[in-house]
Amino acid sequence: MAGTVSAAAAPLLASSAKAEAPAPSGPKLRAPVVASLRINQQAYELSLDTRTSLLDALRDHIGLTGTKKGCDHGQCGACTVLVDGKRVLSCLTFAVMNEGKDITTVEGLATSDGKLHPMQQAFIDHDAFQCGYCTPGQILSAIGCVNEGHAESEGDIREYMSGNICRCAAYPNIVAAVLQARDQTKGA
């Protein structure tokens, strides 16, 4: 019986010896690339891993924390920014994909003298926020919605803003704010 046990254990001993051997090293992490981004009409040169999201570049590398990380899966809209005037979920796009494009965050909406963008003012006028976490994404999405021609009716606004979640349920006030700022915002 002793011969049977040792013969049966031999494959186990051999496999444990293989498991302890150092594994060949995998591929090295990618070298960072220099990305030239234009954010809020200011040029930035960033050394980034090619897998860095636009959201992480904005928040962690530039310090623009107005853009919020909500779900990090493109489902809540808190990270919405404008890229060449169109709404983009910044958690779902790589920063390096946006070279040569104009990126606008909530920090870039007010004028240099502090005058608020009409959509920002409308959100204040209509109490279109409560906790405020989703507000930057809501405002940028609302501007995009207007510029895309999807703000002609309350129903259109509700439909085309449905990708932006407000846990506080300020939706009626958000719709009212978009209606107020709609004509002043077109093309702005």
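The values are calculated or read from the model by the stated rules, or taken from the named source; none is laboratory data. Remember, predicted model here, so these are calculated numbers, not experimental data. Cβ placement follows ideal geometry from the backbone for every residue including glycine, while neighbour counts extend to all protein chains displayed.
Residue by residue through the range 61-86, note down the ones that are of a type in the set (D, E, K, R) and over 15 Å from I103 (Cβ atoms).
K68, K69, D72, listed by residue number.
Anything in the range 148-188 that is polar (S, T, N, Q) and at pLDDT below 95? List them, or say none.
Correct list: Q184, T185.
Matching residues to (1) within 18 Å of R182 (Cβ to Cβ); (2) of a type in the set (D, E); (3) surrounded by fewer than 21 Cβ atoms within 10 Å (Cβ to Cβ):
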| residue | (1), (2), (3) |
| --- | --- |
| N98 | no, no, no |
| G108 | no, no, yes |
| C131 | no, no, yes |
| S153 | yes, no, yes |
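Take I157 and tell me if it is touching a helix residue (DSSP H, G or I) at 6+ places or on another chain (Cβ under 7 Å), among the β-branched types (V, I, T), free of Cβ contacts under 8 Å to residues at least 24 places away in the same chain and surrounded by 14 or more Cβ atoms within 10 Å (Cβ to Cβ).
Criteria met by I157.
Taking the conditions exactly as written (assigned to a helix (DSSP H, G or I) and within 28 Å of A35 (Cβ to Cβ)), does L179 satisfy them or not?
Judged against the criteria, L179 is not a match.
So which residues in the range 83-98 are aliphatic (A, V, I, L, M) and farther than 16 Å from Q138 by Cβ, if there are any at all?
V83, L92, A95, V96, M97
Test T105 against the stated conditions and say whether it is touching a Leu at 6+ places or on another chain (Cβ under 8 Å) and either charged (D, E, K, R) or touching a residue at least 40 places away in the same chain (Cβ under 8 Å) (or both).
Judged against the criteria, T105 is a match.
With the requirement that a residue be among the basic types (K, R) and either on the phi > 0 side of the Ramachandran plot or in contact with a Phe, Trp or Tyr (Cβ under 8 Å, 6 or more places away or on another chain) (or both), what does the range 132-188 give you?
Scanning the range 132-188 gives R158, R167.
Test each condition in (1) in contact with a strand residue (DSSP E or B) (Cβ under 9 Å, 6 or more places away or on another chain); (2) farther than 18 Å from Q120 by Cα for G155 and report the one that comes out false.
Checking G155 against (1) in contact with a strand residue (DSSP E or B) (Cβ under 9 Å, 6 or more places away or on another chain); (2) farther than 18 Å from Q120 by Cα, the one that fails is (1).
Can you find, within the range 134-171, the residue that is nearest to V106 (Cα to Cα) among those that are within 18 Å of the chain's Cα centre (by Cα) and in a loop (DSSP other than H, G, I, E, B)?
So, considering only residues that are within 18 Å of the chain's Cα centre (by Cα) and in a loop (DSSP other than H, G, I, E, B), the one nearest to V106 (Cα to Cα) is C134.
Tell me, which residue of the range 71-93 that is in a strand (DSSP E or B) and in contact with a helix residue (DSSP H, G or I) (Cβ under 7 Å, 6 or more places away or on another chain) is surrounded by the fewest Cβ atoms within 10 Å (Cβ to Cβ)?
If we take residues in the range 71-93 being in a strand (DSSP E or B) and in contact with a helix residue (DSSP H, G or I) (Cβ under 7 Å, 6 or more places away or on another chain), then K86 is surrounded by the fewest Cβ atoms within 10 Å (Cβ to Cβ).
Could you check how many residues of the range 32-62 are more than 18 Å from L89 (Cα to Cα) and not hydrophobic (A, V, I, L, M, F, W, C)?
Residues meeting the conditions: 8.
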